[in-house]
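Asker: Pasting in a structure now, in structure tokens, and then I'll have a few things to ask.
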Amino acid sequence: MPISVSMLRCFVTVAQTGTLADAGNRLGRTQSAISMTLKQLEENLGANLFETERKNRLTPLGQQVFELAQQQLDQFDDAITAIETLAQAPGGLLRIASVPSVAHRGLPFALDVMARRHPSLQLDIRDTDTDIILAALLNGQVDIGIVSGQPTLNGVRQEPLFKDDFGLVCAVDHPLIHRSAPPGPDDLNVPNLVRNALCALVKSPEIQDRLNAAQVTARNTLSLISMVRTGKWITILPRSVVGILPGYLAFRHIEGLTDQRTVSLLIRARCLFPDLAQELGQVLRAYDWSAEDTAALP
């Protein structure tokens, strides 16, 4: 029997839950049915995927199969969702992914324009980090991406939308925001500096030395912003990120730091509705990205 999607889903669920009973409850199947499906998969591969009958520890092969199967199931589920949405979207479908710092700015404006122009158009939006967006574009899971940097991908057209400065981001009542002199690299020699994914775009050696010494790294935007909002933590981010929580976050230039973040628009050449994707791209390009630029202290 060839390997099927149901076999992979069964295996991944058992690996995630650690027991046949929990996997059966999640999938709505009996333990014996789950066990039989796993046996069929292992016989097909000619090797064990779990080290013991308890199914709570993967073999080296099992770990590799788990990672690959999880990726394929995610793509399969996204494809099924897209197909079902297409059947219910006679006016077309656009799948858009954006970094959070842009999702609150020009994107809502552009989506409003497209929704009014095309009342039957379905718009599917997600916000996540650049690496996930790039993978989703390559896998055909999204049609349009708005990312940090200027990546080059086969089959994907890229063009810059705007640039914004890197600087210090902290709570509005943080002492570094209100003191008369702008902060410098030495002010970052503190235990409460948080490194984040966008910090990799900062080229200043002095600033990178401070970032590399940071004890905490936040890879999720919500977690990072929540930490900084408390007033106990500081970080380095592009200026537009402050707009996610205006009134709670503040931006200030760092002396000697001139690096900028480029935000780019990516459109897949082979997307579901290329004309609609190009139209949304035109709306995004026409938006005045400087209109909502967050005021910064000197």
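Asker: Take the conditions touching a residue at least 40 places away in the same chain (Cβ under 8 Å) and of a type outside the set (Ser, Thr, Tyr) and apply them to Leu68. Does it pass?
Answerer: So Leu68 fails the test.
Asker: A further question on this structure: Can you say whether Asp209 is more than 22 Å from the chain's Cα centre (by Cα) and either small (Gly, Ala, Ser) or open to solvent by 10 Å² or more (accessible area, probe 1.4 Å) (or both), as far as the supplied structure shows?
Answerer: In short, yes.
Asker: While we're on this one: Considering only segment 43-57, state which residues are open to solvent by 40 Å² or more (accessible area, probe 1.4 Å), touching a residue at least 12 places away in the same chain (Cβ under 8 Å) and more than 14 Å from Leu20 (Cα to Cα).
Answerer: Asn44, Leu45, Asn48
Asker: Looking at segment 236-254, is at least one residue open to solvent by 20 Å² or more (accessible area, probe 1.4 Å), more than 30 Å from Pro90 (Cα to Cα), aliphatic (A, V, I, L, M) and touching a His at 6+ places or on another chain (Cβ under 8 Å)?
Answerer: So far as segment 236-254 goes, yes, one or more of its residues are open to solvent by 20 Å² or more (accessible area, probe 1.4 Å), more than 30 Å from Pro90 (Cα to Cα), aliphatic (A, V, I, L, M) and touching a His at 6+ places or on another chain (Cβ under 8 Å).
Asker: With respect to Ala97, is the statement that it is modelled with pLDDT of 90 or more and part of a helix (DSSP H, G or I) true?
Answerer: Spelling it out, it is not the case that Ala97 is modelled with pLDDT of 90 or more and part of a helix (DSSP H, G or I).
Asker: Checking Val12 against (1) assigned to a helix (DSSP H, G or I); (2) touching a helix residue (DSSP H, G or I) at 6+ places or on another chain (Cβ under 8 Å); (3) without any contact (Cβ under 8 Å) to a residue 60 or more places away in the chain; (4) open to solvent by less than 60 Å² (accessible area, probe 1.4 Å), only one condition comes out false. Which one?
Answerer: Here Val12 clears every test but (3).
Asker: Out of the residues in segment 34-91 that are among the acidic types (Asp, Glu) and outside any helix (DSSP H, G or I), which is farthest from Asp143 (Cα to Cα)?
Answerer: Glu53
Asker: Against the conditions (1) under 14 Å from Ile96 (Cα atoms); (2) open to solvent by 60 Å² or more (accessible area, probe 1.4 Å), where does Lys163 fall short? Just the number, please.
Answerer: Single failed check for Lys163: (1).
Asker: Ok, one more. What about Asp112, is it assigned to a helix (DSSP H, G or I), open to solvent by 30 Å² or more (accessible area, probe 1.4 Å) and not polar (S, T, N, Q)?
Answerer: Answer is yes for this residue.
Asker: Quick check on my filter: what residues within segment 154-174 are touching a strand residue (DSSP E or B) at 6+ places or on another chain (Cβ under 8 Å) and over 27 Å from Ile236 (Cβ atoms)?
Answerer: Residues satisfying the conditions are Gly155, Val156, Arg157.
Asker: Sticking with this structure for a sec: Could you say which residue among Gly140, Gly106, Gly92 is under 19 Å from Lys163 (Cα atoms) and surrounded by 15 or more Cβ atoms within 10 Å (Cβ to Cβ)?
Answerer: Gly106
Asker: Restricting to segment 262-275, name every residue that is over 22 Å from Ser148 (Cβ atoms) and either of a type in the set (D, E, K, R) or open to solvent by less than 20 Å² (accessible area, probe 1.4 Å) (or both).
Answerer: Hits for segment 262-275 are Arg270, Asp275.
Asker: For the condition of a type in the set (Ser, Thr, Tyr) and either open to solvent by less than 60 Å² (accessible area, probe 1.4 Å) or touching a Gly at 6+ places or on another chain (Cβ under 8 Å) (or both), what is the one hit in Ser32, Ser4?
Answerer: Matching residue, one of Ser32, Ser4: Ser4.
Asker: Also, quick follow-up: Of the residues Pro119, Pro151, only one is part of a loop (DSSP other than H, G, I, E, B) and farther than 18 Å from Val283 by Cβ; which?
Answerer: Pro151
The values are calculated or read from the model by the stated rules, or taken from the named source; none is laboratory data. These numbers come from a predicted model, not from an experiment. Please note: Cβ atoms are built from the backbone with ideal geometry, for glycine as well, and neighbour counts cover all protein chains shown. To get the accessible areas, we keep the full protein, side chains included, count just its heavy atoms, and leave off ligands, DNA and RNA. Shrake-Rupley method; radii C 1.70, N 1.55, O 1.52, S 1.80 Å.
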